[in-house]
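The values are calculated or read from the model by the stated rules, or taken from the named source; none is laboratory data. For clarity, every value in this text was computed on a predicted model and none was experimentally measured. Backbone-built Cβ (ideal geometry, glycine too); neighbour counts: all protein chains shown.
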Amino acid sequence: MRPRRRDDCNPAKNDSMKQRALQILWPAFLMAGVLEMLVFAVVDPAELHWFGGPAIDWPRQAIYSVTFLIFWMLISTAGALTALLSTPDSETASGAKGRGWPG
């Protein structure tokens, strides 16, 4: 069990973290849906193959679900990295002032 830090009990910090997570996850959810519609408007899930090998023998709904989750994960990761890189040094998780970008 990890020791409790002072930040764990701060409701304002927890609300800020929840808000930031929702700011990343909600647009990523919407864009994953749009991307899936665009991809499957062109690609038939029944004709997908494993890297040139045998066809994927999954039901269509499973293929739609897995690809949606993959798209959502990738777009969320891109959004989280963008939020992390655009965060000022004073708001980083460690709280220590970093060197910043060279220049």
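Couple of notes before you dig in:
- Number of positions in region 53-86 that are charged (D, E, K, R) and closer than 14 Å to E36 by Cβ: 1
- Apart from one condition, D15 fits all of (1) more than 28 Å from S86 (Cα to Cα); (2) assigned to a helix (DSSP H, G or I); (3) over 18 Å from the mean Cα position of the chain (by Cα); the exception is (1).
- A single entry from L30, L84 fulfils the requirement of being surrounded by 10 or more Cβ atoms within 10 Å (Cβ to Cβ), at pLDDT 95 or above and of a type in the set (A, V, I, L, M, F, W, C): L30.
- Test for E36: is it among the charged types (D, E, K, R), surrounded by 11 or more Cβ atoms within 10 Å (Cβ to Cβ) and free of Cβ contacts under 8 Å to residues at least 40 places away in the same chain: yes
- One residue stands out among those in region 46-65 that are surrounded by 13 or more Cβ atoms within 10 Å (Cβ to Cβ) and modelled with pLDDT of 90 or more: the one that is farthest from F29 (Cα to Cα), which is W58.
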